[in-house]
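The structure under discussion appears below in the form of structure tokens.
The values are calculated or read from the model by the stated rules, or taken from the named source; none is laboratory data. From a predicted model like this one, the values you see are computed outputs, not experimental measurements. Note: ideal-geometry Cβ built from the backbone for every residue, glycine included; neighbour counts use all protein chains shown.
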Amino acid sequence: MSESTLGINKSGHMFWQKGQLIYNGKYKIEKYLGGGGFAVTYQAMHTKLNRRVVIKTPNISVQNDPDYPKYVERFKKEAQMLAMCCTDSHPHIVQVFDFFVEEDGRYCLEMQYIAGESLWEYVRRQGALPETEAVKYIRQMGLALVEVHKKGVFHLDVTPPNIMLNFDPKVPNFGKAVLIDFGIAGDMSPPSTLSRSFGNKAFAPYELTRKGIRHPTVDVYCLAGSLYYAITGQRPTNSFDRKYEQEKLVPPKQLVSSLSDAVNQAILQGMALEAKDRPQTMEEWLNLLSSITPRKPLTNSIIQTMEEWLNLLSSSQAGIESNSTELILASNVGVDYQNLKNLLKAGKWKAANQETTRVMLKVAKREEQGWLNYKSIQNFPCTDLRTIDQLWVKYSNGHFGFSVQKRIWLKCGGKVDYETECRLGERVGWYRQETLYYIDKYNFSLSAPQGHLPSYGHLLISISHEIQTILENELYSGSSLASRLVNCNL
């Protein structure tokens, strides 16, 4: 193929011209979409299927690189990873259709065409998005990443330019976000090269750009940063500057005063500077967004156009989707919480209380002992504690749960002393006149005092009392289950 059949973009990279046929006439190039340091992409038409697609191929500068064979292997790996990740045709992961070699030896990846624009472009054009809309798109990306992580793949570049929004009502998944570009996930070059090629440092944690570390917490940070951008319209402070120049991350609520505390906290926790301080799994971070109550769209005027009606339906669906969102039953140790969920959903409070005891002992590997000691509480996984708490809070409509008990303790004075503990016990119905209740005296109904459950099942209240005390001590010493409540922001 000669240069006369190619166009040249401003970066000096060669690309196919509009209307050009490639791969024996199977594809017709429609336009150049863009590219980065490794690959370029084109919009094309599959001439036999009359289907619009995207063709991705290494740019000419990489083809002239002495290490081109290594880049080809990287490109093949990306294609294989994409094919693996979209095996089940996930609605929020770009689909890969084919991988072929053009007659000039150029490797090409045929992918799904997403009608719309990237989240980056959409926010630049529209401005900061309403909270419900932004959370809807980001949650969709999170659900896609949950599946990607299960396959042992980390995207590492979940940033606004790589989140495509489909706004064409004639195309499947209208109004949905789709994750594209797994190029960095497939990077086979050393960390130094990755750091130089990573083009969205405002959305990346410093351990990725500095050391090339791959971990679920990297995707958590990137996605939280994308939500920051979607809601504020501004890029967050570069993590490298936060780490080494002591610059501060401006809380999104400081920029958008109407932002809910739940979303503000979810962003700040997801963007914690150190990986150990972030939610450790995508499921855990997504559950932080589950408490959002969407605003219902209201209109007092007559709808004049079909587009107006479709937009109203889209907004309504966003609210329905967010409001009916199921909690992700995350566990750091592989414990199954489905039975606890079913019992709570059915309002079987006593059985749920017993199941809570069972799963907590299982998590702590204390089933033989039948009770939790100080060390097991200290090491209780934050992810599991949050899952148990959120299930109780969700299905009791905020009446029961560890986080409910913690808030009551704070209202009782928030001190670690005997008087505060007595006030707490009386408020939640654990004591009466300084006498501990046994399990058969508990009120397993919503008529019980707020925070009455969970009581840790068949354990004596003294053990529950010990746990609650340690929970409170955690506020100061960071050494127990209570610290989990505080540090995990339950």
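In table form, for the structure just shown:
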read-out: Residue tally, condition in contact with a His (Cβ under 9 Å, 6 or more places away or on another chain) and not in a loop (DSSP other than H, G, I, E, B), over region 368-377; value: 0
read-out: Lone qualifier among Lys48, Lys70 - being of a type in the set (D, E, K, R), closer than 24 Å to Val218 by Cβ and not assigned by TED's automatic domain parsing to the domain that holds Met282; value: Lys70
read-out: Per-region count, region 220-244, residues free of Cβ contacts under 8 Å to residues at least 40 places away in the same chain and touching a His at 6+ places or on another chain (Cβ under 9 Å); value: 0
read-out: Leu82, sole failed condition from (1) buried (at least 19 other Cβ atoms within 10 Å of the Cβ); (2) within 20 Å of Phe15 (Cβ to Cβ); (3) not β-branched (Val, Ile, Thr); value: (2)
read-out: Region 14-52, residues that are more than 15 Å from Leu109 (Cβ to Cβ) and not in a strand (DSSP E or B); value: Gln17, Lys18, Gly19, Gln20, Asn24, Gly25, Gly37, Thr47, Lys48, Leu49, Asn50
read-out: Counted residues, region 378-416 - those being over 27 Å from the mean Cα position of the chain (by Cα), in a helix (DSSP H, G or I) and of a type in the set (Val, Ile, Thr); value: 1
read-out: Subset tally (residues that are in a loop (DSSP other than H, G, I, E, B) and under 23 Å from Arg214 (Cβ atoms)) for region 101-155; value: 5
